[in-house]
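All remarks here apply to the structure that follows.
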Amino acid sequence: MIRPLTAASASAWLNALWPALILLVLHYVWVVRSDTAFEEAAAAVSLQRAQALSERQAGSPGPRAPGGRVTPPLFRLAPEGWPAGAILWKNLVAVTRTQRVRNVALALAIGAVIVTALSFKPEGTLAEIAGWFAVTWAGAMTVIGPQWVRNDLRSDLLKLDMLRSYPLRGWSVVIAEVGASALVLTLIQLSLLVIGYLAFLGNQSMVPALDERTLLLFAAFVFLPGINLLGMIIQNGAALLFPAWVRLGSGRPAGVEALGQNMLMMVVFVALLAVTLLLPVAIGGGAFLLLHRAIDGWAALPATVLVLGTIAFEAALLVDWLGRLFERTDPAAAGIGG
């Protein structure tokens, strides 16, 4: 088929043209005589395009909710900017447009107001129960959250052929994908921690004291985004390396086999996350111990910078490696994409 394109002379071109034409005719006959599955798929795609065109002509700004009401995105995508930011925007909008997420956000806001009021009552048992429940779940989300929040490559790898067609570097696709899920997970954890903080706000006898709890909450705001980013990189890396072992898409397989696989993946994930956090903790902790005698508690500031810098360095190395892996992944050979 490509010999006519590489012919060095007119005679060589004519000699290479007739076999290519025969192949072209044979392909035409094969396509025309193929079954109706191709025609049905083409008709379905044409129908979807016609519906989308009619919505745009009617001035519809976005997809419609089940009741027919237009649901615009929470924030609009700018026409200019970082190209991979469109993937980040798409994954975040996919989460914010679900009614379940909006109900959870409303429930968290109402719960925060209620536990704050209950925390100042002398018998603040209910507030304390709610506070410990929220703090416990926030901590547990560090382990189970990366498997639960999946608006990243684990959902988009089913369209790997489309992702590979975008004029984007592999590392930019990876950081946009993992960044979206890391942001969502961090927001959930911080919301739970704020509720826990408010639930103990009126408790003056609790240990640690209020100022120490405030410092711990501030530390969570500082460190959780980096920890979650590493966790999501590990999860998405597993999806790229072992797609058969990772559930892709929105389906939820059930059964004993799925439960055992999830437990095994969780154990491996916790081990890998602990290994990746070992170096930042060692560097930050060592710096704190060395500087504590000289500047006392202020040693936490350079230690924090070192921890965050080491996490960023590890994340950059992993994203660059996964980006090259993403660029080399063949959808047909990997058995994913479509």
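Every number here is computed from the coordinates shown, using simple stated rules; none is lab data. Quick caveat: nothing in here was measured; it's all calculated off a predicted structure. With ideal geometry, Cβ positions are generated from the backbone for all residues, glycine too; neighbour counts draw on all protein chains shown.
For the reader, a short list of remarks on this structure follows.
- Between M206 and F133, full extension at 0.36 nm per residue minus the direct alpha carbon distance yields a gain of 24.7 nm.
- Normalising by residue count, segment 85-334 has a Cα convex hull of 143 Å³ per residue.
- Gap separating the Cα centres of segment 178-253 and segment 144-165, nearest whole Å: 19
- Note on A78 and V281: the extension gain reaches 69.3 nm, defined as 0.36 nm multiplied by sequence separation minus the Cα-Cα distance.
- Sites V143 and T304, calculated FRET efficiency, Cβ-Cβ separation with R0 22 Å, nearest 0.05: 0.45
- Karplus (6.51, -1.76, 1.60) ³J(HN,Hα), θ = phi - 60°, over segment 198-206, in Hz, Gly and Pro reported as x: 5, 5, 9, 5, x, 8, 7, 9, 6
- Full-extension gain in nm, L215 to S11, via 0.36 nm per residue minus C-alpha separation: 65.3 nm
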